[in-house]
Structures are given as structure tokens and as C-alpha cells.
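Report on the following structure.
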Amino acid sequence: MRKFFEFGGVVAAVVLIAFGIAAIVMGINGRDTVRHSIKQELIVGTPDMTPAGIKAEAQKAGLDVASLDIPSKSVANKPINTGDRARTFAGYMRIHALEASGGLTYAQMGRFIAKPGTPAKFTDGQGGTSIDTYALVDPKTKQPVENGRRNVWVTETALTTALNTSYMAEQLSLFGIVVGVALLLAGIGFGILAIGGALRNPETALTFLRREGAKTGGAAVHA
């Protein structure tokens, strides 16, 4: 039974170390892949992408600054090449979209451009409406004119989702590295405890190794 525990302890330590190394390698590769993908897009922060700069622009656009989630970091004129910078850039993009929409989100905007004279209660307050009868009609297509501001939000949502996904992927990669380090240390510690605990009793310490050595030695003497 002691032989079984000795061998099992060593095997468990080796497995933990192997998994730890694999997790670290995968985490590093994942992090590099994310950063390489972001870097390929050649994104650079605009000059106003600072907390003070975006706040001034939001106030100028008539937005309620107190209700905005203004990023605490600056990416002005900086290349967006990390997950953290991508997340910050996405935060500034949202404020830009709000400036373009007059402070309305996609769900708040009307589907169509409201025709002149439409009662205010049937509009979104920014010239849009979701009621067909109050929509401006294109004379060529005879169809309601779509609200272009909603298209801005569609584009913004797609881009910010991709940027935030990059941030999440990088964080998962870092988590994988941390887990790998933990497994590696656990494996090393487990191996030390397994071998060290067995060595406390020299009569039974790693008997499976000593017996193999004894057989080899005995065979050599006999020869």
C-alpha cells in the first residue's frame, strides 16, 4: 500500500506540473493572438479621447454628463493594441454615438424620420418616429425614410462588442496563466510533500525505486 501511495503521489505531481505548463503556454498564446488581432485593425484613439476632452464634447452636445460612463483612462492618439485599451476605446465610442443621436439609445430612437408637423408625442424628440403614418415618405421609393441615426448605433454596437470581446478574451488568457502558475506550484509542492513525506521513514522511502535499484545491483554482482 505504501508503494502505491508513493508512486501515486509522484504521478499526481507530474500531472499537475504538466497541466500547469500547458495552461501557461495556452494563456500566453491566447493573449498574443488577441493583441495581434487588435493591432492589425490599426485603430488609433482620437484626440478627444481623454476624460476631460470627452466630457467637454458631451456637454457641448447637450448630453447629461452625470449619466455618462466616462472612461477614466486616456487613449488619445494612442494605438489600440491591448484588450484594456480596446475596452477604453469602446467606452469613448459609445459617448460619440450618443452625441450623434442626441442622447438617445437605439431602443429610444424612432425607426423612421418624422414628417414635418408630426405631434411631439409621436416622435422620439429628435425627429424620429416609429409610426408609419407620421413617417416621411421617399418620393422615389414611396417608402418611409429610415432614421439614419439608428444605423450609427448598429455600427457602434457591432464595433464596441468586438472591442469588449477582445478585452474579455485577454482577461481569460491572463486567468489561464494564473491558473497555470497555480497548478505548477501545486504540482511542485505536492511532489515535495509526497517525496519528503516518504523520506521521513528511510526504511520505506520510495521502496519501488530502491527495490528496482537493488535488483539491478544484485544482477550485476551475480554476473
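In order along segment 151-165, phi translates into HN-Hα couplings of 5, 4, 5, 4, 5, 4, 5, 4, 5, 5, 4, 5, 5, 5, 5 Hz, rounded to whole numbers, per the Karplus curve 6.51 cos²θ - 1.76 cosθ + 1.60 with θ = phi - 60° and x for Gly and Pro. Taking each DSSP H run with n ≥ 4 as -39500 (n - 2.57) and averaging over every residue of the chain yields -22000 deg cm²/dmol at 222 nm.
With a simple spin-label model that places each label point 7 Å from the Cα along the Cα-to-Cβ direction, the separation between ALA76 and LYS115 comes to 4.7 nm. Partner aspartates and glutamates whose Cα lies under 13 Å from the Cα of LYS73, excluding those fewer than 8 positions away in the same chain, are identified as ASP48, ASP84. Ordered from highest to lowest accessible area with the whole protein assembly present and a 1.4 Å probe, LYS142, LYS121 read as LYS121, LYS142. Structure note, pairs LYS55/LYS121; LYS121/LYS142; LYS60/LYS121: Cα-Cα distances above 28 angstrom occur for LYS55/LYS121. Of all aspartates and glutamates in the structure, those lying under 15 Å Cα to Cα from LYS115, and not within fewer than 8 positions of it along the same chain, are ASP124, ASP132, ASP138, GLU146. Summarising the amide proton neighbourhood of ALA114: residues at separation of 5 or more, or on other chains, whose placed amide H is nearer than 5 Å comprise GLY128, THR129, LEU136. Considering only SER67, SER173, SER37, the Gaussian network model of the chain with Cα springs below 10 Å gives its largest mean-square fluctuation to SER67. Around the amide H of LEU68, modelled in the peptide plane, lies no amide H under 5 Å away from a residue 5 or more places distant or on another chain. The largest accessible area among PHE19, PHE112, PHE190 belongs to the first residue in PHE19, PHE190, PHE112, and the rest follow in falling order (1.4 Å probe, all chains). If the segment from ILE21 to ALA162 were pulled out straight at 0.36 nm per residue, it would be longer than the present Cα-Cα gap by 47.8 nm.
Magnitude of the charge dipole for the chain, about its Cα centre and with charges confined to Cβ atoms of Lys, Arg (+1) and Asp, Glu (-1), is about 420 debye. When segment 1-79 is described by a simple charge dipole with +1 on each Lys and Arg Cβ and -1 on each Asp and Glu Cβ, the residue from VAL34, PHE7, ALA56 located farthest towards its positive end is PHE7.
A Förster radius of 45 Å, combined with the Cβ-Cβ distance separating SER37 from PHE7, puts the computed FRET efficiency at roughly 0.50.
Of the residues TRP153, SER173, LEU163, the one whose Cα sits farthest toward the positive end of the charge dipole of segment 138-178, with +1 on the Cβ of Lys and Arg and -1 on the Cβ of Asp and Glu, is TRP153.
The values are calculated or read from the model by the stated rules, or taken from the named source; none is laboratory data. None of the values given here were measured: they were computed from a predicted structure. Note: ideal-geometry Cβ built from the backbone for every residue, glycine included; neighbour counts use all protein chains shown. Quick note on the areas: whole protein, heavy atoms, side chains included, nothing else; ligands and nucleic acids left out. Shrake-Rupley method; radii C 1.70, N 1.55, O 1.52, S 1.80 Å.
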